[in-house]
Ligand SMILES: [Zn+2]
């Protein structure tokens, strides 16, 4: 939990106009500011921001509140998470009080899973840039796809070597529990019940970020001869405490601001489609990556726009999937 003094500092720093301006283009009107409401689709501005009162409100759909409420609604965060989001924006160091045992247990597992995923994402990136195979196999693949350096960095792409337990070993050495590696699905236990294996060995890695930018899962694509006869081209993280496939959209974190600005979301099939479009300057794009479109995913898009354009492959399967979607 965050102590009260820190909360007060965050509330002081988070000026409402500044916070809202990150997501809404505001124009001064008298003592207030107005803009298009980010919470519903409209053509004439009914979203009003009052710097003197420190609040915002939509006169059409009624949503709004102070800076914390705005971030909670916009980023779909809890009160606590919204405070942390604002603290980060304003470089305020958070002094957290010791959690009770019960609080620790409920928060503990999810946070630990996020930490392990964060570690793994950094590990895969490090391999891509600094390991011989990472360079000669992983980086070569991305370059062949025509991905630029800045785009490879932005999407935190990585590589996992063909050594089948390299990640597991490194993680355990660094103090991450084997149990967490299994729960995130980064690793799995072989049938013998003793041997732990990296799920993504020999694959290039696409981390999947949730709406707040945390890594919830990974997708891995096979590349080299050693893994070619492994059945599937793509392998994805299994469902976990922090990853529900049907509720996530690949690219949503990098797309949300552009979706609001353009009032449109392009829906494509895969990771590389999202990345290619970003590289071409089109950022309001997400992928449902390998699953049929779900109502949760549509609801997620609907928080930012009511307009979706489906851009699936032009083959029979793609057309069928578009219509079903
Ligand atoms: Zn509204």
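Computed from the coordinates by the stated procedures, all read-outs in this text should not be read as laboratory data. Worth saying up front: this structure is predicted, and the values here are computed from it rather than measured. Cβ sites come from the backbone with ideal geometry, for glycine too, and all protein chains shown count toward neighbours.
For region 62-70, the criterion of being at positive phi, free of Cβ contacts under 8 Å to residues at least 24 places away in the same chain and out of contact with any strand residue (DSSP E or B) (no Cβ under 8 Å at 6 or more places or on another chain) is satisfied by at least one residue. When region 22-58 is filtered for residues that are surrounded by fewer than 14 Cβ atoms within 10 Å (Cβ to Cβ) and more than 19 Å from residue 306 (Cβ to Cβ), the ones remaining, listed by number, are 22, 27, 28, 29, 30, 31, 52, 53. Taken over region 172-226, the residue count meeting the criterion of being on the phi > 0 side of the Ramachandran plot and either assigned to a helix (DSSP H, G or I) or in contact with a strand residue (DSSP E or B) (Cβ under 7 Å, 6 or more places away or on another chain) (or both) is 2. Residues in region 241-270 that are in contact (Cβ under 8 Å) with a residue 40 or more places away in the chain, surrounded by 18 or more Cβ atoms within 10 Å (Cβ to Cβ) and either more than 15 Å from the chain's Cα centre (by Cα) or farther than 30 Å from residue 108 by Cα (or both): 259, 260, 265, 266, 267, 268, 269.
Only one residue in 205, 252 is under 16 Å from residue 156 (Cα atoms) and touching a helix residue (DSSP H, G or I) at 6+ places or on another chain (Cβ under 6 Å). Which one?
Details: 252 fails: touching a helix residue (DSSP H, G or I) at 6+ places or on another chain (Cβ under 6 Å).
Unique residue meeting the criteria: 205.
Condition first: over 20 Å from residue 303 (Cα atoms) and crowded, with 21+ Cβ neighbours inside 10 Å. Now tell me which residues in region 274-287 satisfy that. Once the filter is applied, which keeps residues that are over 20 Å from residue 303 (Cα atoms) and crowded, with 21+ Cβ neighbours inside 10 Å, region 274-287 yields 275, 278.
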